[in-house]
Amino acid sequence: MIDHPEKQQALRFFRQLVRVRTFEERVSELFVQGGTAGSMLHLSIGEEAGAVGVMGAMREGDGFTTHHRGHGIFLARGADPKRMMAEIAGKSSGYCRGKGGSMHIADMGLGHLGANAIVGGGISHVVGAGLTYQMKHNGNAAIAFFGDGAMQQGILYESMNLSALWKLPVMFVCINNEYGMGTRLDRASATLEFERRAETFGLRAAEVDGTDVFEVYNRSRNMLEDVRKGQPAFLKVNSYRFHGHARMDKSPYRDQDEEREGRKKDAIAFLRQHIVEEGWYQESECDELVEEVKQEMDEALKYAQQSSNPSPEEIYDDVFDPETDNPVSVDFRIRQALHYSQG
Amino acid sequence: MAETTYREALRLALTESMRSDPSIIILGEEVGKYGGAYGVTKGMLEEFGDARIRDTPISEEVIVGAAVGAAMTGLRPVAELMYIDFVTLAMDQLVNQAAKIRYMFGGQIGVPMVLRSQGGTGRSGAAQHSQSLEAWMMHTPGLHLAMPSTVTDAYHLLKHSLTLNDPVVFLEHKGLYTLKGTLEPDKALPWGKAEVRRQGGDCTLVSYSRMIHLCMDAAETLSKEGISVEVIDLRTLHPLDMQTVSESVSRTGRAMVVTEDCLTAGVSAELSARIMEEAFDFLEEPVVRLSGEDIPIPVSPQLEQGSVPGVERIMSTVKMLLRR
């Protein structure tokens, strides 16, 4: 019997959603053990459907940038969780050889033009990528992912305007999780109809329910068809940040009732229910899938823990093209000034 | 070769580079139809068309940010900021993005873009159109920084900038666009090499961009008084050719740094420290720094002139240094 295509897709999405959440849970464990590099770790639990739905609609060759809460987006793109986890741990086997970490992970092979730790910092890069794609007529699209915090940054509007003016194959995706660090959106933004802002600049715009991965996917796919023809678009994916801003943030600025209600906006729970109700999987089969993913992410965690640290002299690598330039160490300067010989 | 101007030499460098490298595009305010606020890109729209010569809105941050994204995906953009003073609006893209992407991403990719702009005094542009902000760029690891003083350097440094795989901040001087000179097409020095513009034995003047011409004028006049001044044109501030400087100071024993940017924590501070570190044994006197005053640039031409070094000040300071 041939499986219903919707079933296939549902199971694929379910696995991806579970992978994102499980990855975040493992990386959170790594943090608590002191195994992540850096004091900051931003989890995307509660925002999985935005990552998986939009990525499902993207094609090979498309470029994208993400924000500081972008693990799930990169994972949904096909990233290797081992190399991701290693990068977040600051290890040399990571995507950026331990130079970037959670907030600067990138992979040119998968079109990941970089996660960015400046709110809105990566948005304008997709304008440039879109320009490249337009000039090369390669049919690719460039997608910027960012949070609701970036909706109040000026660069977003410079980017929207130029994309529409130049008819670039660019899509802006706002994963709205209701909070910019500890400030709820309604305390940061005078208006909340973000689609209207985008429409003002000549973009196609829509708002979707971030608990429904199919809705995210279908709307993205539909938009991207026009994006590739030079009609830039804006998509707002409404979700809720289940946890604090960073791993150690206990969210004292929001009340427990709100959190309890917010965490009911769970794309994974909804899709699982749907899959079971349709009879595509039994509960036990769902559990098996979850178990498989846990094993995958356990292995990624172990891989990161067992990977080696970069060697100290690598700090001078990759500031410039090694063919043209390399920084000189402070120690060298001191020894040169004092005529100290090596040793 | 016939005489040409600094402006024409820049245009020639851009034009030749664009003819041989189809990935080069130019984007910025008024670069196309208007021909550039200072006329550098005049006529290029007609040759290359509006896909490659792109007029932008007045949105400095996305001009630089789009250049970063384009550079990461296969183009080689030349982003023009009309005045370097406007780089404040694009500092995130220049400093946090362009300069750091190669490093943050573990060497996966460089950002081969050129940020062209111009700075300096001389046209009564006042406080927001006359600054010399090169110290900010020099203080940012990951950026090349070129500041040509001559027609020949304008041409070669810009052509070379368009072959590098990392971001180059290319700073012209608004007072040099009409400078005439003979363009020497074969005189391409290596990237990062300083040039001794005038040889002398009594002291070394270290400078770059427009101040080179003032130093040369001062040196010429001083030579008639029997004072022999060596003038070194750094050409690029990153890379910084301290070898040429140290070699000179080892002969003259006296060094004076002349810059148009303001004194405190400016380029002259770095140069002075480097000379002290690398040529301490040869110094007869402390390194002297003649730089712009620590003030915003005023509009009155008389006040503006007083805010940056002039030929007379250079001469009198050299004499102080030489105890004459």
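No lab work stands behind these numbers, since they all come straight from the coordinates. Since the structure is predicted, the reported quantities are computational estimates derived from the model, not experimental observations. All Cβ positions, even for glycine, are placed from backbone atoms using ideal geometry, and neighbour counts span all protein chains on display.
Calculate the FRET efficiency for residue B:320 and residue A:339 from the Cβ-Cβ distance with a Förster distance of 30 Å, rounded to the nearest 0.05. Numbers along the way, then the final one.
Working: r = 30 Å, r/R0 = 1.00.
The calculated FRET efficiency here is 0.50.
Could you tell me the calculated FRET efficiency between residue A:321 and residue A:295, based on Cβ-Cβ distance and R0 = 45 angstrom, to the nearest 0.05?
0.65
Extending each Cα 7 Å along its Cβ direction at residue A:248 and residue A:200, get the distance between those two points in nm, one decimal.
Taking the simple label geometry, residue A:248 and residue A:200 are separated by 3.9 nm.
Percent relative contact order of chain A, based on C-alpha pairs within less than 8 angstrom and at least six residues apart?
Numbers: 608 pairs, mean separation 74.6, N = 343.
Relative contact order here is 22 percent.
What distance in nm separates the two pseudo spin-label positions at residue A:288 and residue A:192, each 7 Å out from Cα along the beta-carbon direction?
4.3
From the phi of every residue in the range A:195-205, what ³J(HN,Hα) in whole Hz does the Karplus formula 6.51 cos²θ - 1.76 cosθ + 1.60 yield, where θ is phi - 60° and glycine or proline is x?
4, 5, 4, 5, 4, 4, 8, x, 8, 6, 9
With chain A treated as a Gaussian network of Cα nodes joined by springs under 10 Å, which of A:285, A:258, A:215 yields the largest mean-square fluctuation?
Of the options given, A:258 has the highest mean-square fluctuation.
Does anyone have the angle between helix B:211-224 and the longest principal axis of chain B? Alpha-carbon axes, 0 to 90°, nearest 10?
30
Give, in whole angstrom and from largest to smallest, the semi-axes √(5λ) of the equivalent ellipsoid of chain A, with λ running over the eigenvalues of the Cα gyration tensor. It would help to have the intermediate numbers written out before the result.
Values: eigenvalues 231, 140, 85 Å².
Each semi-axis is √(5λ); the values are 34, 26, 21 Å.
Which of the aspartates and glutamates could a cross-linker bridge to residue B:174, judged by Cα under 15 Å and excluding same-chain residues fewer than eight apart?
Residue B:174 reaches B:8, B:80, B:85, B:134, B:260, B:261, B:304.
Report the FRET efficiency, 1/(1 + (r/R0)^6), for residue B:281 and residue B:182, where r is their Cβ-Cβ distance and R0 is 41 Å, rounded to 0.05.
On the way: r = 39 Å, r/R0 = 0.96.
Once the sixth-power term is evaluated, E becomes 0.55.
Order these by the 10 Å Cβ neighbour count, fewest first: B:38, A:340.
A:340, B:38
Viscosity 1.002 mPa s, temperature 20 °C: Stokes-Einstein D of the protein assembly as shown from its Kirkwood Cα radius, in µm² per second?
Working: Rh = 27.0 Å.
In µm²/s, the coefficient is 79.
Between residue B:273 and residue A:108, what is the label-point separation in nm under the 7 Å Cα-to-beta-carbon projection?
Here the answer is 3.3 nm between the modelled labels.
Would you calculate the volume per residue, in Å³, of the smallest convex hull containing every Cα atom of the range B:195-321? Intermediate results must be reported in sequence, preceding the final value.
Details: hull volume 12.4 nm³, N = 127.
Spelled out: Cα convex hull of the range B:195-321, divided by residues, is 98 Å³.
Sorting A:17, B:189 on the 10 Å Cβ count, fewest up front, what's the list?
On the way: A:17 26, B:189 16.
Exposure proxy ranking, most exposed first: B:189, A:17.
Work out from phi, with θ = phi - 60° and the Karplus expression 6.51 cos²θ - 1.76 cosθ + 1.60, the ³J(HN,Hα) of each residue of the range B:22-36, listed in order in whole Hz, and give x for Gly and Pro.
Karplus values, whole Hz, x for Gly and Pro: x, 7, 7, 10, 10, 9, x, 6, 6, 7, x, 4, 6, x, x.
Quote the relative contact order of the range B:195-321 in percent (integer), defining contacts as alpha-carbon pairs under 8 Å separated by 6+ residues. Mind showing how you got there, number by number?
On the way: 234 pairs, mean separation 34.3, N = 127.
Once normalised by length, the contact order is 27 percent.
Which trypsin sites (Lys or Arg not before Pro) from the range A:1-98 combine a DSSP loop assignment with at most 15 other Cβ atoms within 10 Å? Display every interim value, and only then the final one.
Details: sites: A:7, A:12, A:15, A:19, A:21, A:26, A:59, A:69, A:77, A:82, A:83, A:91, A:97; in loops: A:59, A:69, A:91, A:97.
Loop-located and lightly packed - A:59.
On the principal axes of its Cα set, how long, how wide and how thick is the range A:232-332? Give whole Å, largest value first.
Result for the range A:232-332: principal-axis Cα extents of 67, 38, 36 Å.
Taking the Cα of residue A:273, stepping 7 Å toward and past its beta carbon, and measuring to each backbone N in the range A:9-35: which are under 20 Å?
So the set is A:10-19, A:21.
Once you've got the Cα coordinates, tell me which of B:187/B:224; A:91/B:100; A:7/A:294 are over 26 Å apart.
Values: B:187/B:224 30 Å; A:91/B:100 19 Å; A:7/A:294 22 Å.
Violating the 26 Å Cα-Cα cut-off are B:187/B:224.
Could you size up the charge dipole of chain A around its Cα centre, putting +1 on the beta carbon of Lys and Arg and -1 on that of Asp and Glu, and report it in debye to the nearest 20? List each step's numbers first, then the result.
Working: 39 positive and 51 negative charges, 161 e Å.
Dipole of chain A, to the nearest 20 debye: 780 debye.
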